[in-house]
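Here the structure comes first, spelled out in C-alpha cells, and everything after it is commentary.
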Amino acid sequence: MDKQPEEVAGMFDEVAKHYDRTNDILSAGNAILWRYATVRAIAPEAGERILDIAAGTGTSSVALTKTGARVVAVDFSAGMIAEGRRKHPEIEFIEANAEKLPFGDDEFDAVTISFGLRNVNNPKAALSEMYRVLKPGGRLVICEFSRPPRAILRAGYLGYLKYVMPTVAGVASSNPVAYSYLAESIKEWPEQGELSQWIRASGFTRVAYRNLTAGIVALHRGRKPVDASVLASVAKRKSAATRPIKVQPTTEAS
C-alpha cells in the first residue's frame with residue numbers, strides 16, 4: 001500500500017473533529033479496554049517523560065498523565081494536533097513525522113504508539129527512531145491492529161472490515177474514504193510474529209506481545225538495552241546497515 005505522509009495526514013485532518021467518537025463506535029467500545037491495557041503495559045510513574053506517537057487528539061496521552069508522568073504528544077496531522085490542543089491544553093503537542101522525531105538521543109523513559117505504526121511510510125525507520133530517543137532501559141509499547149490466529153475469527157474479522165466497517169463509517173464519520181484506507185492498512189499489516197522481528201531488529205530486547213480481543217489487536221513490548229557493550233553493538237550494526245556500499249571501478253582488459 002502506498003502511504004504518502006502528506007496524503008495520510010490529510011485524511012486524518014478531515015476526520016479529526018469526530019475521530020474519537022467514530023473510533024468508539026467502530027471498535028464496539030473496545031477502544032477503552034485497549035487503551036487501559038496499553039497504559040498498564042507502559043506503567044507510567046510520576047516524573048517520567050513519556051513520548052506518545054500518533055497521539056491523535058490526545059486521548060491516549062491524557063490517560064498516561066494520571067500518575068504524574070509528563071507526556072509529549074506527537075502526530076503528523078495538523079488537524080489532529082489542533083483538535084488535541086483544543087481538548088487538552090495541558091498536554092504538550094508537537095507536529096512531527098515518526099520517521100524523523102525532533103528529539104535528542106536518550107530523552108524518554110517510555111515511548112508508545114497506538115494504532116499508528118501502520119500509517120507510517122517506513123515503520124522500520126520509525127522503530128529505529130523510537131529506539132534512539134529512549135533512554136537505556138526505556139520501555140517501548142506498541143498497540144496495533146493485528147491478525148487473529150484462529151482461522152474462523154480471522155475470516156469473520158476480515159468480513160467485518162470489508163462489509164461492516166464501510167457502512168458504519170459512512171454514518172459515523174465525516175470522511176468514510178479515510179476508513180476505507182484504515183481497513184486496507186489493517187489487512188496488509190504483518191502478523192504478530194513479524195512485527196516482533198522488526199522490533200528486535202531495531203535493537204530492542206525483552207520483546208514480547210500478547211493478543212487483545214482474540215488477536216484483533218496485539219500489544220507489543222520491548223526494552224532498550226542498558227548494558228553499554230550491547231548498546232555499542234547495536235549502534236555498530238545499525239551504522240554498518242546504513243553505510244553506503246563502495247563499488248570498486250572495473251577496468252577493461254586491453
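Quick one: order E48, E83, E194, E99 by neighbouring beta-carbon count within 10 Å, fewest to most.
So the ranking, lowest neighbour count to highest, is E194, E99, E48, E83.
Among DSSP bridges having both ends in region 5-230, what percentage is antiparallel? Round to the nearest 5.
Within region 5-230, antiparallel bridges account for around 40 percent of the total.
Give me D for region 5-230 in µm² s⁻¹, whole number, from Stokes-Einstein with Rh from the Kirkwood sum over alpha-carbon pairs, 20 °C and 1.002 mPa s.
For these conditions, the coefficient is 121 µm²/s.
Apply the Karplus curve 6.51 cos²θ - 1.76 cosθ + 1.60, θ = phi - 60°, to the phi angles in region 71-76 and return the couplings in whole Hz, x for Gly and Pro.
10, 10, 9, 10, 8, 8
What are the ³J(HN,Hα) couplings of region 50-63, residue after residue, when phi is run through the Karplus curve with 6.51, -1.76, 1.60 and θ = phi - 60°? Round to Hz, x for glycine and proline.
For region 50-63, the Karplus curve yields 10, 9, 10, 8, 6, 6, x, 8, x, 4, 5, 5, 4, 4 Hz.
Place the peptides 54-63, 151-160 in order of packing, highest mean first, counting for every residue the other Cβ atoms within 10 Å and averaging per peptide.
Final packing ranking: 54-63, 151-160.
Let me know the volume per residue of the alpha-carbon convex hull for region 79-172, in Å³.
146
Take region 117-240, compute every pairwise Cα distance, and split them into 5 Å bins from 0; I just need the percent in each bin.
2, 10, 18, 19, 15, 13, 10, 7, 4, 2, 0
Using the C-alpha gyration tensor of region 22-81, what are the square roots of 5 times its eigenvalues, in whole angstrom, with the largest one first?
That gives 20, 16, 7 Å for the three semi-axes.
Taking amide H atoms as placed 1.01 Å from N in the peptide plane, list the residues 5 or more away in sequence, or in a different chain, whose amide H sits under 5 Å from that of G138.
K224
Coordinate-derived values only; no laboratory data. Computed from a predicted structure; not experimentally measured. Note: ideal-geometry Cβ built from the backbone for every residue, glycine included; neighbour counts use all protein chains shown.
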